[in-house]
Amino acid sequence: GNSDGEAWLLSQNTTPTELVWFLEIEASGSVSCSIQYSGQSYTVNIDKDKKLSSNAGSCLVLAQDNYWLRVSPSCYSTEFSVSCNQNFLTTLLFKKSTSSTIHVLEKTSSAASGGTTKEKVESYCFAQGTSCDYEASLWASLVLDSRGKDVSSYLPYLITLADENQRFLPEAFLYALTANTEHKVSLLSKQKSSQWWQESGDKFYDTALALYPLQSETPQPQEKTNAKTWLLGSQDTNGCWENNIRTPGFILASVWP
C-alpha cells in the first residue's frame, strides 16, 4: 500500500557529501559558552568582535575567520548542547562545498543566560546507489510532503544544488515545499515569451510543472493566465498535447485538476 511506498522512499535516503555545515553562536558583547556532545564538554569564548577562541573537540572546528564552527561530516546527526553565561542564540548554516554562498537554516534557537539550546545537522537526499540523485530528491520530497511528512531535512540539499540543476525547474518544487515567495518570483521570471516554460527541452512538461505549485493562488498570476491561453491554443485537433498520455495527463492534473 501507500505506507509501504513511503517506507521504501524513506529507506532510500542518504547524507549529501556536497554540503558543508557550520554552527553559529551569537551574543552581544563577549561571552563564555559550554558546548556538550558525546559525553564531553568544551568551553569556547566569544570576544566582542564575535570571534570564537577555540575548537570544541573534533566535531566542531574553527572556520570562516573564526566566526563559526564547522561541523565535521562524521558528526552529522550528533546533537550539540550549547549554554552561555549571557543571553545567546544558535543556528546552523550550510553551503555547497564548491561555493561561497551561505544559507541559513530557518530554525534559530535562543536561550537566556545559563539556558541551553540544542542543534543537530539533519541533512538528507534521496540516493541512486550511494550518490544523491537531485531529480529523484525533488520528486520524492514533493510526494512525501503531499502526504503530510516533514521534508525539512531534504531542503538544504535541494536549495544548495538548485543552481546546477536548472533543467529540472527546481523553483517549482521549492515553492511547493516552502511557500517561500523568493522561489515563486524566480519561477515566474523563467517564463519564456510570456507564455511557457522550457528548461528541460519539453515546454509542455515544464509548463505543467511550473503551474503545479500555483494551483491555489488567488488571484492567479498573469503568467498562469497567459500560460493557460497558450496551452488551449496549442492543443492538437484531438484535444491532446504531444500525442502521448503523460503530457496531457500532467497538464490536466496541474492546470485543470
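The values are calculated or read from the model by the stated rules, or taken from the named source; none is laboratory data. All of these numbers come straight from a predicted model, not from anything done at the bench. Heads up, the Cβs are rebuilt from the backbone with ideal geometry, glycines too, and the neighbour counts pull from every protein chain shown. Surface areas here come from the heavy atoms of the whole protein model, side chains and all, with no ligands, DNA or RNA. Shrake-Rupley method; radii C 1.70, N 1.55, O 1.52, S 1.80 Å.
Looking only at the stretch 27-73, residues that are within 21 Å of VAL104 (Cα to Cα) and among the hydroxyl-bearing types (Ser, Thr, Tyr) come to 3 in all.
Hey, among the residues in the stretch 144-160 that are more than 8 Å from the chain's Cα centre (by Cα) and in a helix (DSSP H, G or I), which one's nearest to TYR212 (Cα to Cα)? Give the steps one after another, and end with the answer.
First, the residues of the stretch 144-160 that are more than 8 Å from the chain's Cα centre (by Cα): 144-151.
Filter once more, keeping what is in a helix (DSSP H, G or I): 144-146.
Details: LEU144: 16, ASP145: 14, SER146: 12 Å.
For the stretch 144-160, the residue satisfying everything is SER146.
Give the residues of the stretch 190-202 that are open to solvent by less than 60 Å² (accessible area, probe 1.4 Å) and either at pLDDT below 95 or hydroxyl-bearing (Ser, Thr, Tyr) (or both), sorted by residue number.
Within the stretch 190-202, GLY201, ASP202 meet the criteria.
Of the listed requirements (1) farther than 17 Å from GLN12 by Cβ; (2) surrounded by fewer than 15 Cβ atoms within 10 Å (Cβ to Cβ); (3) charged (D, E, K, R), GLU119 misses just one: (2). Of note, LEU62 does not satisfy the criterion of being within 17 Å of the chain's Cα centre (by Cα), crowded, with 16+ Cβ neighbours inside 10 Å and either more than 13 Å from CYS33 (Cβ to Cβ) or among the β-branched types (Val, Ile, Thr) (or both). Only one entry in LEU174, LEU187 is open to solvent by less than 30 Å² (accessible area, probe 1.4 Å), free of Cβ contacts under 8 Å to residues at least 24 places away in the same chain and under 21 Å from the mean Cα position of the chain (by Cα), namely LEU174. Of all residues in the stretch 17-56, those that are under 30 Å from ASP150 (Cα atoms), outside any strand (DSSP E or B) and either of a type in the set (Asp, Glu) or modelled with pLDDT under 95 (or both) total 2.
Every residue, every condition in (1) in a loop (DSSP other than H, G, I, E, B); (2) in contact with a Ser or Thr (Cβ under 8 Å, 6 or more places away or on another chain); (3) under 17 Å from PHE22 (Cα atoms); (4) among the acidic types (Asp, Glu), yes or no:
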{"residue": "SER81", "(1), (2), (3), (4)": "no, yes, yes, no"}
{"residue": "LEU89", "(1), (2), (3), (4)": "no, yes, yes, no"}
{"residue": "SER100", "(1), (2), (3), (4)": "yes, no, yes, no"}
{"residue": "VAL104", "(1), (2), (3), (4)": "no, yes, yes, no"}
{"residue": "THR108", "(1), (2), (3), (4)": "no, yes, yes, no"}
{"residue": "SER137", "(1), (2), (3), (4)": "no, no, no, no"}
{"residue": "LEU142", "(1), (2), (3), (4)": "no, no, no, no"}
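Quick one: which residue in TRP256, TRP230, TRP241 is open to solvent by 60 Å² or more (accessible area, probe 1.4 Å) and either on the phi < 0 side of the Ramachandran plot or modelled with pLDDT of 95 or more (or both)?
On the way: TRP230 fails: open to solvent by 60 Å² or more (accessible area, probe 1.4 Å); TRP241 fails: open to solvent by 60 Å² or more (accessible area, probe 1.4 Å).
Selected residue: TRP256, the only one of TRP256, TRP230, TRP241 that is open to solvent by 60 Å² or more (accessible area, probe 1.4 Å) and either on the phi < 0 side of the Ramachandran plot or modelled with pLDDT of 95 or more (or both).
For the stretch 93-125, taking the residues that are of a type in the set (A, V, I, L, M) and under 15 Å from TYR154 (Cβ atoms), the one that is farthest from the chain's Cα centre (by Cα) is identified as VAL121. Annotation: of all residues in the stretch 18-50 being within 30 Å of LEU155 (Cα to Cα) and of a type in the set (Ser, Thr, Tyr), the one that is surrounded by the most Cβ atoms within 10 Å (Cβ to Cβ) is TYR37.
For (1) out of contact with any helix residue (DSSP H, G or I) (no Cβ under 8 Å at 6 or more places or on another chain); (2) of a type outside the set (A, V, I, L, M), each residue gets a yes or a no:
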position: THR130; (1), (2): yes, yes
position: SER141; (1), (2): no, yes
position: LEU158; (1), (2): no, no
position: LEU169; (1), (2): no, no
position: THR178; (1), (2): no, yes
position: HIS183; (1), (2): no, yes
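Looking only at residues in the stretch 86-115 that are polar (S, T, N, Q) and open to solvent by 80 Å² or more (accessible area, probe 1.4 Å), the one that is farthest from ALA162 (Cα to Cα) is ASN87.
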